[in-house]
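*Asks:* There's a structure below that I have some questions on.
The values are calculated or read from the model by the stated rules, or taken from the named source; none is laboratory data. These numbers were taken from a predicted model, which means no experiment stands behind them. Cβ atoms come from the backbone with ideal geometry, glycine included; neighbour counts cover every protein chain shown. For accessibility, only protein heavy atoms count, side chains too; no ligands or nucleic acids. Shrake-Rupley method; radii C 1.70, N 1.55, O 1.52, S 1.80 Å.
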Amino acid sequence: MNKIEMFKPYVNERAIELVTQVLRSGYIGEGPRVKEFEQKMGLRVGSSFPVVVNSGTSALHLSVQLAGVKPGDEVITTAQTMLATTTAILMAGATPVYADVEYTTGNLSAEDISRHVTAKTRAILAVDWAGYPCDWDAILAVARKHNLIAIEDAAHALGATYKGRPVGSVAPITCFSFQAIKHLTTGDGGMICVSSAEDYERAAQLRWFGIDRYKRKPSVLGEPEWNVTELGYKYHMNDIAAAVGLGNLGDLDWILQRRHEIVAAYRAELESVPGVQLFERQQDRQSADWLFSIHVERREAFCQMMAAKDIMASVVHLRIDRNDLCGGKRDDLPELARFTGTHVSLPLHPNLSDGDVRRVIESIRGGW
Ligand SMILES: Cc1ncc(COP(=O)(O)O)c(C=O)c1O
């Protein structure tokens, strides 16, 4: 019997062809493929101002900087995420302040954010856990009330929608990841979607040392002219990565569809299993179904049972606030504490066969 993995990178034949073309072209840096990928991704997520970069982490770092976060400021964020969400805040010299999450989604609780607002708060950085959009209207209302910028870490949420709008066009700043096991991979890569031409210009400069490659004046001496006015980074995407993304993009609809089908089967068949609690689903939003997270009783026994059947199950990320780097021990996040004790995710990727999905379901229905 095959081992059923949690994740599997998806790379199609078209991606391989396009990468081969780039490798043979004699130009592998940031070039026409990056521009094409950026334009297509902007259309895909409903953003007029997409800027592709070399990772989701780079996108997050730029987002915090574009939000005007300075050393000494505070950013209200979630601990139920990967470390990158917080490292972006720390890289700007700011302090992450963790608000509680909703037990039924893993997303930041809009209600709890207000409790943490101080005179130093500049931004809110929320994650769409597992690809299920946060309650963005509520978060944006809190942001407006306190004059804060809201940033959406949509690393899990490419293809999700909120109230009919694609994620990418909901929050003023949205960050995506195209890392190996995401819906759409470029090997590693990311994208920041901003809301104004000014922020677009700035992001385009910050991703490459503070220079907009497309606006430099050519010079006969070989080094185009540019006056750098702000410290930038080496965060640009290259044409090899963009070619992988462009190839895979042709299958994104199918990838999402297959994920939705698997999740529909999991939800229908696991709903009534004793010891399993499904996450909440609201009619007004569509998850990107990057993870299928559930709450289970006796989680260790559950994971042992799955491992004995050669099926991976994983928490994927555990609360990050307990790391000394992030601030250490705190006890005032009761829903996060509950969440941390019971959540687990099941295998979910487009290469799972119907037989694999059945095996996962039957194993859980058999008890643990
Ligand atoms: C919620 C979240 N944010 C950010 C990132 C960072 O993305 P990347 O690996 O592309 O830097 C990840 C990575 O998995 C993530 O899960």
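*Asks:* Could you work out the relative contact order of the stretch 13-249, using alpha carbon pairs under 8 angstrom and six or more residues apart, expressed as a whole percent?
*Replies:* Rounded, it is 28 percent for the stretch 13-249.
*Asks:* Given the options His349, Leu336, Ile311, identify the residue whose Cα lies farthest towards the positive end of the charge dipole of the stretch 309-368 (+1 on Cβ of Lys, Arg; -1 on Cβ of Asp, Glu).
*Replies:* Ile311
*Asks:* Just in the stretch 123-216: which trypsin sites (Lys or Arg not before Pro) are loop by DSSP and have at most 13 other Cβ atoms within 10 Å?
*Replies:* Qualifying residues, ordered by number: Lys163, Arg216.
*Asks:* Chymotrypsin sites (Phe, Trp or Tyr not before Pro) within the stretch 1-83: which are DSSP loop residues with at most 13 other Cβ atoms inside 10 Å?
*Replies:* Working: sites: Phe7, Tyr10, Tyr27, Phe37; in loops: Phe7, Tyr10, Tyr27.
Of the chymotrypsin sites (Phe, Trp or Tyr not before Pro), the ones in loops of the stretch 1-83 whose Cβ has at most 13 other Cβ atoms within 10 Å are Tyr27.
*Asks:* Grab the DSSP H runs of the chain that are 4 residues or longer, score each as -39,500 (n - 2.57), total them, divide by all residues and round the 222 nm result to the nearest 500 deg cm²/dmol.
*Replies:* Result for the chain, helices only: -11000 deg cm²/dmol.
*Asks:* Quick one: putting +1 on the C-beta of Lys and Arg, -1 on the C-beta of Asp and Glu, what dipole do you get for the chain around its Cα centre, in Debye to the nearest 20?
*Replies:* Magnitude of the dipole: close to 340 debye.
*Asks:* Moving on. Find the Rg to Rh ratio for the chain, where Rh is the Kirkwood radius over alpha-carbon pairs and Rg uses the same atoms.
*Replies:* 0.98
*Asks:* At a 1.4 Å probe radius, carbon and sulfur cover how many percent of the accessible area of the stretch 252-365?
*Replies:* 48
*Asks:* OK, next. Compute the separation of the alpha-carbon centres of the stretch 30-79 and the stretch 94-172 and state it in Å as a whole number.
*Replies:* Distance between centres, Cα-based: 16 Å.
*Asks:* Sticking with this one: Can you tell me the Rg and the Dmax, both Å, for the Cα atoms in the stretch 252-365?
*Replies:* Using the Cα atoms of the stretch 252-365, the pair Rg, Dmax is 15.5, 44 Å.
*Asks:* Averaged per residue, what accessible area in Å² does the chain show with a 1.4 Å probe, protein chains only? It would help to have the intermediate numbers written out before the result.
*Replies:* Values: 15500 Å² over 368 residues.
Per residue, the chain has 42 Å² of solvent-accessible surface.
*Asks:* Would you mind telling me the share, in percent, of accessible area of the stretch 13-249 contributed by carbon and sulfur at probe 1.4 angstrom? Walk me through the intermediate numbers first.
*Replies:* Working: 5080 of 9170 Å².
Whole-percent figure for carbon plus sulfur exposure: 55.
*Asks:* With a 1.4 Å probe and every protein chain left in place, tell me how much accessible area Val142 has, in Å² to the nearest 10.
*Replies:* 20
*Asks:* What percent antiparallel are the DSSP beta bridges of the chain, to the nearest 5?
*Replies:* Roughly 60 percent of the beta bridges in the chain run antiparallel, per DSSP.
*Asks:* Going by a ≥ b ≥ c, the root eigenvalues of the Cα gyration tensor, does the stretch 1-54 fall in the rounded group (a/c under 1.5), the prolate group (a/b larger than b/c) or the oblate group? Mind dumping the intermediate values first?
*Replies:* On the way: a/c = 2.86, a/b = 1.35, b/c = 2.12.
Because a/c hits 1.5 or more and a/b fails to exceed b/c, the stretch 1-54 counts as oblate.
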